[in-house]
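Engineer: Pasting in a structure now, in structure tokens, and then I'll have a few things to ask.
Since every read-out is calculated from the coordinates, none of them should be taken as a lab result. None of these values were measured; they are calculated from a predicted model. Methodologically, a virtual Cβ is constructed for each residue, glycine included, from the backbone with ideal geometry; neighbour enumeration extends over all protein chains shown.
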Amino acid sequence: MGSPDGIVGVFDRAADTYEAVGVPWAGPIAARLVAELDTRPGERVLDVGCGRGAALGPLAEAVGAGGYALGIDLAPRMIELAARDLAGLPQAEVRIGDAGAPDLPPSSFDVVAASLVIFFLPDPAAALRSWAELLVSGGRLGVTTLGEKDPGWTAVDRLFEPHLPADLVAARARGLRGPYSSDAGMERLLSEAGLTKVRTIPDQVTAVFHDPEQFLAFSWSHGQRSMWEAVPQDDHARLREDVLAEIDRQRDATGSVAFVQEVRHTLGVRP
Ligand SMILES: C[S@@+](CC[C@H](N)C(=O)[O-])C[C@H]1O[C@@H](n2cnc3c(N)ncnc32)[C@H](O)[C@@H]1O
């Protein structure tokens, strides 16, 4: 099978370095989501867009040997690496599957988790409805999205803009508005999917980069890779130097750069 297209292709190519460049990011974000979902031994849980298992690993630990934790993702390399990393947890299973429309029986899970995924889906409202239907009555859903970005990070993003197609810059700006820009917007999405007891848990994660090269490795290992891949090849060397110089400029007295990212966990219950 060839590499998948679009954002899934980006994550497929990022998979080998995803969360593996010495900067904990998806891990701490997912750990908080899992804690808030209050998953118990023996439960059946689903992690949609599981990647390498940042949420699926702790979910599988929480349900224990008597439970079941399934992760689905469309990036084959993510699934391959998650299967390898979770091989010691027989209650965990990973398989290729579309988070936008999971092909799974209704009312078959106690918990559905989606960490850092929903904003990649073409129809988030439809995805949420399909996730709600997978829950038993009283089952819990948790969706994690990103809030305010550190200004230092925004300064780096701006360096990309002159190298990107105008429609991509506009699409990014639109993505920062819409339902993902507020607690209320996300809560409305969950309520409209038929969930009740909808609430937001505010959170934040601090990404620490020990030097500019580590920032660069991180930016290729996560969603920002999609920006690098959209930059014309001839511009890469110049942009790389500009990004390294910007991170160098932002170093603190210890030589590191720390970016604080606001995070939003939105939770609901199927009536
Ligand atoms: C930022 S990563 C998050 C992965 C994981 N949940 C975590 O917290 O580390 C986004 C993931 O969503 C996956 N993804 C994007 N669109 C998808 C879709 N339609 N169906 C399944 N997975 C999808 C990507 O392949 C990628 O693994």
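Engineer: Between residues in the range 105-125 that are touching a residue at least 40 places away in the same chain (Cβ under 8 Å) and residues that are more than 8 Å from the ligand (Cβ to nearest atom) and of a type in the set (S, T, N, Q), which pairs lie under 6 Å by C-beta distance while being six or more apart or on different chains?
Structural biologist: Hits for this filter: VAL111/THR39.
Engineer: Next up: Taking the range 164-212 as the region of interest, how many residues are under 19 Å from THR154 (Cα atoms) and among the small types (Gly, Ala, Ser)?
Structural biologist: 9
Engineer: Now for a separate question. From ARG129, ARG172, grab the single residue that is surrounded by 12 or more Cβ atoms within 10 Å (Cβ to Cβ), among the basic types (Lys, Arg) and under 30 Å from ARG240 (Cβ atoms).
Structural biologist: ARG172
Matching residues to (1) hydrophobic (A, V, I, L, M, F, W, C); (2) touching a strand residue (DSSP E or B) at 6+ places or on another chain (Cβ under 6 Å); (3) within 20 Å of ALA62 (Cα to Cα):
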position: GLN91; (1), (2), (3): no, yes, yes
position: ASP98; (1), (2), (3): no, no, no
position: ALA113; (1), (2), (3): yes, yes, yes
position: ILE118; (1), (2), (3): yes, yes, no
position: PRO124; (1), (2), (3): no, no, no
position: GLU133; (1), (2), (3): no, no, no
position: GLY139; (1), (2), (3): no, yes, yes
position: GLY147; (1), (2), (3): no, yes, no
position: PRO151; (1), (2), (3): no, no, no
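Engineer: Taking the residues in the range 27-43 that are buried (at least 19 other Cβ atoms within 10 Å of the Cβ) and within 20 Å of GLU93 (Cβ to Cβ) as candidates, determine which candidate is nearest to the ligand (Cβ to nearest atom).
Structural biologist: The qualifying residue nearest to the ligand (Cβ to nearest atom) is ALA30.
Engineer: Working only within the range 90-110, note down all residues that are buried (at least 19 other Cβ atoms within 10 Å of the Cβ) and away from the ligand (no atom under 13 Å from the Cβ).
Structural biologist: GLN91, ALA92, PHE109, ASP110
Engineer: Within the range 191-235, which residues are touching a Pro at 6+ places or on another chain (Cβ under 9 Å), in a helix (DSSP H, G or I) and over 25 Å from GLY51 (Cβ atoms)?
Structural biologist: ASP235 - this is the single residue of the range 191-235 that is touching a Pro at 6+ places or on another chain (Cβ under 9 Å), in a helix (DSSP H, G or I) and over 25 Å from GLY51 (Cβ atoms).
Engineer: Additional query: Within the range 1-102, which strands (runs of 3 or more DSSP E) (wholly inside it) include 2 or more residues that are without any contact (Cβ under 8 Å) to a residue 60 or more places away in the chain, over 25 Å from PHE259 (Cα atoms) and among the charged types (D, E, K, R)?
Structural biologist: 92-96
Engineer: A follow-up question, please. Restricting attention to the range 145-160, does a residue exist that is more than 16 Å from the ligand (Cβ to nearest atom), over 30 Å from SER108 (Cα atoms), charged (D, E, K, R) and assigned to a loop (DSSP other than H, G, I, E, B)?
Structural biologist: Yes, the range 145-160 has at least one match.
Engineer: Given the condition out of contact with any strand residue (DSSP E or B) (no Cβ under 9 Å at 6 or more places or on another chain), among the charged types (D, E, K, R), within 9 Å of the ligand (Cβ to nearest atom) and within 25 Å of ILE201 (Cβ to Cβ), answer yes or no: does some residue in the range 60-82 qualify?
Structural biologist: Checking the range 60-82: not a single residue is out of contact with any strand residue (DSSP E or B) (no Cβ under 9 Å at 6 or more places or on another chain), among the charged types (D, E, K, R), within 9 Å of the ligand (Cβ to nearest atom) and within 25 Å of ILE201 (Cβ to Cβ).
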